[in-house]
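So the structure is just underneath, and the comments pick up after that.
The values are calculated or read from the model by the stated rules, or taken from the named source; none is laboratory data. Please read all numbers here as calculations on a predicted model, not as lab measurements. Every residue, glycine as well, gets a Cβ built from its backbone with ideal geometry; the counts of neighbours run over all protein chains shown.
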Amino acid sequence: MPDVPPNTPVHGVVLVPSVSHSLRAEKVLSQAGFQVKLIPTPRQLSSDCGTAIRFPWAARDAVQRALDDAGLAYDRIVALR
């Protein structure tokens, strides 16, 4: 694995409005070939929905494009540090 600068995020999270949105997004992203995982939403990021989708930060633009192309609602995509 190449050296990564210390402030470079390794993962990102997709914050969604509900659990059903997170399940649909996980399915779409998994089928598109992304390595994703449902995780508890970090409290410092949101208290709305209890789940978020974690993904490799290097895929951020492609993840956003896949969500947008599928017409899935999400609140925001943020780096997980």
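For the reader, a short list of remarks on this structure follows.
- Condition broken by residue 61, with the remaining ones in (1) free of Cβ contacts under 8 Å to residues at least 24 places away in the same chain; (2) surrounded by 17 or more Cβ atoms within 10 Å (Cβ to Cβ) satisfied: (2)
- Enumeration of residues in region 28-60 that are assigned to a helix (DSSP H, G or I) and over 13 Å from residue 14 (Cβ atoms): 31, 58
- Any hit, region 40-52, residues being at pLDDT 95 or above and surrounded by 11 or more Cβ atoms within 10 Å (Cβ to Cβ): no
- Within region 20-70, the only residue that satisfies the criterion of being in contact with an Asp or Glu (Cβ under 7 Å, 6 or more places away or on another chain) and closer than 12 Å to residue 80 by Cα is 53.
- Filtered residue count, region 51-81, keeping only those that are among the β-branched types (Val, Ile, Thr) and over 14 Å from residue 36 (Cα atoms): 1
- All positions within region 9-27 that are exposed (fewer than 15 other Cβ atoms within 10 Å of the Cβ) and assigned to a helix (DSSP H, G or I): 19, 20, 23, 27
- Among the residues making up region 61-77, a single one is modelled with pLDDT of 95 or more and assigned to a strand (DSSP E or B): 77.
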